[in-house]
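Data block below; observations after.
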Amino acid sequence: MPRLRLKFPDHGQSVPRIDYSILFIGLLILAGVLLQFQQITEEVNYWTNRVERLEKQQQQKTSPRTRGTPRVKEFSQEIRKEIIQANAILDQINLPWEALFDSIENAATEEIALLSLQPTVSSRTLRISGEAKNMSELLDFVEALERELTFENVHLLNYKIKQDNPHRPIVFLLTAAWIQAS
């Protein structure tokens, strides 16, 4: 078996630059980790304190009070109203806007000018008002909306021919119920 000759650096040998650069990078990484640890610790302390404050507030709300109960009822009613309003806004935001717009764009032609879209979240209906160049285009538009998978029960509520305009466009209002995507 041949002998192994190992050389260990002694004090007389110089350390290459790469060793110092690796040491420097390691120190930078260590500083970054310590900084991140400090930030996470501060965040944990913040949330712990907030949870404790909320628990104290909850205990104060559940403990019986002799005075101030009408005011608490006022606040709770106000909070309920705000929650109802917030839920209504969330329902508006969570409408299937993309599907609705895509279906309307597929059904509309150049002969139809849409003026307004008014969704009603509670009944899942959409009121569409606009102008059509002639009655056949308007009826084609209503039929095209009815064929779209997003809508059902499309009905023409009213229409009026503009007599003062030389082109005699038809102003219309229709309603459509949209189908919940599953």
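The values are calculated or read from the model by the stated rules, or taken from the named source; none is laboratory data. Bear in mind the structure is a predicted one, so any value in this text is a computation, not a measurement. Every residue, glycine among them, receives a Cβ derived from its backbone with ideal geometry; neighbour counts consider all protein chains shown.
Residues considered: SER136, SER129, SER123. Of these, the only one that is within 26 Å of ALA88 (Cβ to Cβ) and out of contact with any Ser or Thr (no Cβ under 7 Å at 6 or more places or on another chain) is SER123. Residue count for the range 37-65, restricted to those that are part of a helix (DSSP H, G or I) and either over 30 Å from the mean Cα position of the chain (by Cα) or closer than 30 Å to SER76 by Cβ (or both): 20. The single residue among SER123, SER129 that is among the hydroxyl-bearing types (Ser, Thr, Tyr) and not in a strand (DSSP E or B) turns out to be SER123. Of the numbered conditions (1) at pLDDT below 85; (2) hydrophobic (A, V, I, L, M, F, W, C); (3) farther than 30 Å from ILE161 by Cα, LEU30 fails exactly one; give the number of that condition. Against the list (1) at pLDDT below 85; (2) hydrophobic (A, V, I, L, M, F, W, C); (3) farther than 30 Å from ILE161 by Cα, LEU30 comes up short only on (1). When the residues of the range 54-75 are filtered to those that are surrounded by 10 or more Cβ atoms within 10 Å (Cβ to Cβ) and at pLDDT 80 or above, the one that is farthest from SER122 (Cα to Cα) is LYS56. When the range 87-106 is filtered for residues that are over 16 Å from ILE179 (Cα atoms) and modelled with pLDDT of 85 or more, the ones remaining, listed by number, are GLU105, ASN106. Among the candidates ASP102, ASP140, ASP91, ASP164, the residue that is buried (at least 16 other Cβ atoms within 10 Å of the Cβ) and outside any strand (DSSP E or B) is uniquely ASP140.
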